[in-house]
Every structure is written in C-alpha cells, then in structure tokens.
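Novice: Got a structure for you, questions after.
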Amino acid sequence: MSDAATIDNELRLALVGNPNCGKTALFNQLTGGRQKVANYAGVTIERKEGFYTSPSGRSVRVLDLPGTYSMDAASPDEAITRDVCKGLHASEPLPDLIVCVADATNLRLHLRFALELRALGRPMVLALNMMDAAKRRGIVIDTIELERQLGFPVIETIAVRQGGSVDLVQRIDNLKLTVPEHAGKGGSLHAQVREMLSSAVTMPRLTAQIDDTLDRWLLHPVFGLIALAAVMFLIFQAVFSWATPIMDLIDTGTTALGVWVGNVLPAGLLNSLIVDGIIAGLGGVIVFLPQILMLFLFILALEESGYLPRAAFLLDRLMLSAGLTGRSFIPLLSSFACAIPGIMAARSIQDSRDRLTTILVAPLMTCSARLPIYTLLIAAFIPRNTVAGIFNLQGVVLFVLYAAGIVSALAVAYVIKRVRKDTTEHALMMELPSYRMPHPRDVLIGLYERAMIFLRRVGGIIFTMTVLLWFLSTFPGAPEGSTDPAINYSIAGTLGHWLSYIFAPIGFNWQISIALVPGMAAREVVVSSLATVYALSGNAENLGAIVASQWSLATALSLLAWFVFAPQCISTLAIIKRETNSWRYVWITLGYLFGLAYLASLLTYQISKALGA
Amino acid sequence: MRLSELAVKVPSIVREVESLGDNDVIARRLRDLGFVAGEPLVIVASAPMGGDPLLVQIGFTRFALRRSEAARVRVERADV
C-alpha cells in the first residue's frame, strides 16, 4: 500500500441507488469486514467506505453513498450523494466509476434514477441486484437489450448470496472507464423507462403475491395493530428483561473486579481512583451494551425485513398529531428501557427535524434507571391503600409517573413544533419495500457498527465524567476526627450545600442536594449516594426507613416529580452530543429538562405542603 | 378528482401533480417517484387512525402518502 504506484492505480467506486435496492448488502458483500464507518465532515450522516482487492490485484475503494430517489436532493443525505456524484463535494474526490444499484423487482423506479445518473456523463455500470427474488417471481430481464438501451454495462448480482457479486467484480476489473453512450439523450426519463421495460422486461405481476398477503394482514386496521402491539411487546420485553441478566452479570463482574483490585492494591487514593473511578466508570459504559445490542438486533432485523416502515405507516397519524412522525415510535418506545439505545435508534428517521425532536423528547420516557429511586420513595411514603376497589395506590402512583413522562414528551414535541415556527410540510412519502428475510451477515455487521459507535464515541465521555465525579466526591478528604461522612467535606459536598439553597423552595434538604451531584452520572446512583450521605452501607431497606422518618411526604413527592424530568444522566447527554453533533442541543436538553424538573417539583412541593402533606 | 379523495381499491390513472407554491419539494419528489401523467395507480390500504396515511401502489412500488401529500395528485378513474 505504501508505494505510490499502487495508490495511483487505486480504483474508486461509489455505490449509488434508491433506498431499499440492497445497496448496503452489496457493499457488505464486496468489502466483507474491511469497512470504515465515520461521518461526513460537519454532519451526522454516516460515511461508509470499504476496500477489496480485484482479481488482477488492483486495490479498490468502495464508497457506500446514502440511498436517494433523485438527484434533486430533498434531504442532507441525498445532497451528499448528489454532490459526490457531481464532484461538488468539498472533501470527497469524484469517483472513478459509479456503480448504480437497482432492485430487479422494482425497475420502473430504479431505472429512472439510473437514467438521471447517466445524464451526469460519468463512467458507470448498473448492478441489477436481487436477481434471486426476480427469478422467484418469474420476472424475465433481457440484460443484453437493457444494456444496449442504457448504453452502459448491466451486471446481475445477488447481494445476499455467497459469490453473488463475482460477475460484478470481474466486469469492473476489465472495464474501460468511458462515458456512457446516450449520456446526452434528453426527453422524459419516465417515458424512456417505459420503453425499456416494454422491450426488455417481462413482469408477471406488479407486486409479489407474498407482499400483498402479508400487507393485507399486517396493515389491517385491527390485526395490524394487534401484530404491532405483539412486536412492540417482544422488543420491550427483550430490551427490558432479557438484557437484564447480562447487565447484572457485567455489574457483578465489575464489582467483583473492583473488590479484587481493592484488596490487592494498598488502601489509599490510588486504590479508590482505580476501583471507584476507573473500574466503576468502565463498568458504567459497558453495562449499556446488552440493551443496545438487543434493541438493535430487533431494529436491524425489522428494518431489513421491511416491517419497520409498516409500523411507521400504522402509527404515523397518532405521532403526527404531537408533531412527530410514525418513525419516532420505536425510538421512543425503546427509551422506556434506556434513552441511549432509543436516541441511537432515531437514526431511522429520515427527516432531520423530526429526528431532532424525537431525540430531544426521548429522555422524558421513563427509563429503567429511574425505577430504583421510584421504588425507594414509593415504598417509603405511599401507603398500600386500595383505590377504587381494585387498584393499589402504589401502583397508581407509579403509573402516574410513567404517564407524566409520556404526556410531557408529547407536549414538548408540540411546543418544539410551535417554537420552531415550522409551517413547512414534513414529508412522509415513504416507500414500503418488499418483505425480505434479514440476512445474518448484514444484521451482524450493523450490530458491530452500533456497538463501536457507542464504545468509541460515547464511552469516552461517560468514562471521563465518571472519573471526574469520583474526583469531585473524593477531594478534599474529611479532616482528622470528623464524624460526618467524607463526601460531606468534598467539592461535591460543598456544591450540594450551595445547591440546597436553590433546592429549598422545592423541599430538598442538603442530603438530597449532595446526593444529586454524583447522581449526575446516572439516576440509580442517587440511591447509593443517599445511603453514603446518610452514612449507611448502601442498604436500601434501611435507607427507606430513614427517609420515611426524616422527610416530609411533600419532599418525597417533590423528588418523584423531579425524577420524571431531571436529565440526571451523563450518558444521555453524551449520546445527544454524538447523535446531533452539537453541544447546542445538549444545552437545550439540559436546560429544558432542569427547568421542567424544577417547576414540577416546585408545584408538587408547594401544593402538597399547602394541603398539609 | 384528487388522490386523497379516491376510494380504496379503485384503479385510477394519474393526470398530473400540482405544486403548492413555487418551490414545492414534495410535488417535485412525487413526480420523481413516478406520479406522472398516464401512470396507473391504486390505493391499497389506509392507516387505522383517520384513514391517514394512504398506501398507494404505483408501478411496482408501494408508497405511504399522507393525505396532504396525496391531495397534490390529480387522478381519474381508470374504468370510466
């Protein structure tokens, strides 16, 4: 790779095509694991590049451009594809060869785009993909005639079958890079496509029989919604409970490692830094992986199978009334387990404004990390009374907390739409592609990419902040002969004492205020921090008894209201930074959530105090 | 007749796509997706809540269109 001759000889391909043409599957097959995923400069659009060596030994660089319907770009993704193909992109060189990927079962749409590409007058070939599905449906394509009419090479591929792109690789290797014939041909592209289809393609049916049947059931007003509920339940169950044993294992593992290291190393600051800072910080990063992988296993499989757009179709109306889109549903549902995978899942929303709104409201969904503090406070303060004959008051309170999150998310989404003064129409115009069996290779590569994005770009921030919070809670140490817990004397303790002035109107005492500082790392940390502040050994049952005797009901309710909104999770803020590529939205999220939290707690505290709680 | 007024499963033909305003991205995109004069289409289904969006089959492809988007497409029934 180091000698200049090889580099000069390198061939640059760009894969271009409509969404759902199987372009990414072809990319995976061409390049295998030799891929680099990054972002285009300054935007959060994924730039995927891979490499392969051709049979003649030439090194080939493959750029997988975002799927697009037209050179008349309607979104930032499509603008990238347009700019790269036209050689207008600031940091991407003009590709040597455009490989236009077309779904052989959807040629009417895909050939029109191929003709649009041909008009650019650049060397190109057409990869006629999904030939297996076309043959199964009895579609006959005269590739020689098609090639003659198009004026550039047409090669059949099956991206999901072993060896399904051998012909393409061979042909590209022996290709003379020339401008396509008929590149200057004018007139209506649609009319040209019609002509090609009538002379080169035989299509027994417009759509696949299986698609018609599945859609009849899966989009049915009743059965469709039942099926959707079942799928959602399965995802929720998987993310919420199936991932838990693995997360517990990671938790136990890091704790055990911490104990072991703690015993091996001499006691002191270094010991505390490694155990409470570094190991706890690393554990805090890795612990999210099971949920992320579990959720994306479902999302990738559903996306590949073609079901995800159908779910969006069923729910679009409901979500639109709140200023969102049908595509927001799955990211928001996932956020009930954890906002991190939920916010990452918002990538499946094409409209960038809808995606941003979804990301901004996702932290309002009650994530599982809020449960420890909810459980502690509800058990300590809410009696087990029966309400209306059948409901348990504790359960009712928990439900109210979840509902408050959902209602405020919808309200915030609505307000964002108003504030933005966005009167333009957000397009849906979503293709419902053919149903397909997800290919394990493509799902696995997708999972690997998600895991790497999380570990590399978010892990760093979470880890740094955890160590920083350790520092704040440890320094300066307690003076000789002090009786209060050490955290009381630390920077976090001092901060907490200051904060207690701000928090006095919402009923938080200084103990709560201190616990909220290390609790910025993650919500569940607040419980153990409270135990530390009350000089307990982290036993939640004892903690429950202590808070029940020391706090007023008004304080407890106020703290519950606080946790519905408060953005007490550095990981969420880190993922927002990563996914929006902007600190601005981190500050907006932080600001509006703290504002809502303070307001909600203030109202809760003052009203319940006035009522005598 | 507009596509948004068309009943489900009634085979129809596109007459034209109307632009709302000077720079109607949605209308331009509809034309790129194949909503051009003479093209046959049919509404396959509509969503459970308020019958919006619509699922439109045109060519070999199915598109989900919100009613506001479908209102840009002028159609006529194929059988009359």
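The values are calculated or read from the model by the stated rules, or taken from the named source; none is laboratory data. None of these values were measured; they are calculated from a predicted model. Ideal geometry is used to build each Cβ from the backbone, glycine not excepted, and the neighbour counts take in all protein chains shown.
Novice: Looking at (1) at pLDDT below 80; (2) in contact with a helix residue (DSSP H, G or I) (Cβ under 6 Å, 6 or more places away or on another chain), which one does A:V547 not meet, given that it meets all the others?
Specialist: Of the numbered conditions (1) at pLDDT below 80; (2) in contact with a helix residue (DSSP H, G or I) (Cβ under 6 Å, 6 or more places away or on another chain), the odd one out for A:V547 is (1).
Novice: I would also like to ask the following. From the list A:V125, A:V101, which one is assigned to a strand (DSSP E or B), under 29 Å from A:N39 (Cβ atoms) and touching a Phe, Trp or Tyr at 6+ places or on another chain (Cβ under 8 Å)?
Specialist: A:V125
Novice: Output yes when any residue across region B:43-53 is in contact (Cβ under 8 Å) with a residue 12 or more places away in the chain, under 23 Å from A:L189 (Cβ atoms) and crowded, with 16+ Cβ neighbours inside 10 Å, and no when none is.
Specialist: no
Novice: Something else now. With A:T157, A:T207 as the choices, which residue is closer than 30 Å to B:P48 by Cβ and either of a type in the set (V, I, T) or away from chain B (no Cβ under 14 Å) (or both)?
Specialist: A:T207
Novice: Can you pull out every residue in region A:565-588 that is in contact with a Leu (Cβ under 6 Å, 6 or more places away or on another chain) and in a helix (DSSP H, G or I)?
Specialist: Once the filter is applied, which keeps residues that are in contact with a Leu (Cβ under 6 Å, 6 or more places away or on another chain) and in a helix (DSSP H, G or I), region A:565-588 yields A:F565, A:V586.
Novice: What about B:F35, is it within 12 Å of chain A (Cβ to nearest Cβ), modelled with pLDDT of 95 or more and assigned to a loop (DSSP other than H, G, I, E, B)?
Specialist: For B:F35, the condition - within 12 Å of chain A (Cβ to nearest Cβ), modelled with pLDDT of 95 or more and assigned to a loop (DSSP other than H, G, I, E, B) - is met.
Novice: So, in region A:289-348, of the ones that are within 11 Å of chain B (Cβ to nearest Cβ) and not in a helix (DSSP H, G or I), which residue ends up nearest to A:R436 (Cα to Cα)?
Specialist: A:G306
Novice: Residue pairs, Cβ under 6 Å, 6 or more apart or interchain, first in region A:167-193 and within 14 Å of chain B (Cβ to nearest Cβ), second of a type in the set (A, V, I, L, M, F, W, C) and assigned to a loop (DSSP other than H, G, I, E, B). List them.
Specialist: A:H190/B:V36
Novice: I would also like to ask the following. Restricting the search to region A:427-447, which residues are under 20 Å from A:I158 (Cβ atoms) and in contact (Cβ under 8 Å) with a residue 60 or more places away in the chain?
Specialist: Passing the criteria: A:P433, A:S434, A:Y435, A:R436, A:M437, A:P438, A:H439, A:R441, A:D442, A:V443, A:I445, A:G446.
Novice: For the subset of region A:506-524 comprising residues that are small (G, A, S) and assigned to a loop (DSSP other than H, G, I, E, B), which member is farthest from A:T474 (Cα to Cα)?
Specialist: A:G507
Novice: Small (G, A, S), within 30 Å of B:R67 (Cα to Cα) and surrounded by 22 or more Cβ atoms within 10 Å (Cβ to Cβ): which single residue out of A:A427, A:A409 fits that description?
Specialist: A:A409
Novice: Collect the residues in region A:34-70 that are part of a loop (DSSP other than H, G, I, E, B) and under 22 Å from the mean Cα position of the chain (by Cα), keeping them in residue-number order.
Specialist: A:Y40, A:A41, A:G42, A:V43, A:T44, A:I45, A:L65, A:P66, A:G67, A:T68
Novice: Same structure again: From A:I274, A:I278, which residue is of a type in the set (A, V, I, L, M, F, W, C), free of Cβ contacts under 8 Å to residues at least 24 places away in the same chain and more than 19 Å from A:L447 (Cβ to Cβ)?
Specialist: A:I274
Novice: Going through A:A504, A:A522, A:A531 one at a time, which residue ends up being in contact with a Cys (Cβ under 6 Å, 6 or more places away or on another chain) and not β-branched (V, I, T)?
Specialist: A:A522
Novice: I need the full set of residues from region A:411-432 which are within 21 Å of B:R28 (Cα to Cα) and in a loop (DSSP other than H, G, I, E, B), in order please.
Specialist: If the condition is that a residue be within 21 Å of B:R28 (Cα to Cα) and in a loop (DSSP other than H, G, I, E, B), then A:D422, A:T423, A:T424, A:E425, A:H426, A:A427, A:L428, A:M429, A:L432 are the ones that fit.
Novice: In addition: Residue pairs, Cβ under 6 Å, 6 or more apart or interchain, first in region A:393-422 and at positive phi, second polar (S, T, N, Q) and loosely packed, with under 13 Cβ neighbours inside 10 Å. List them.
Specialist: Qualifying pairs under 6 Å: none.
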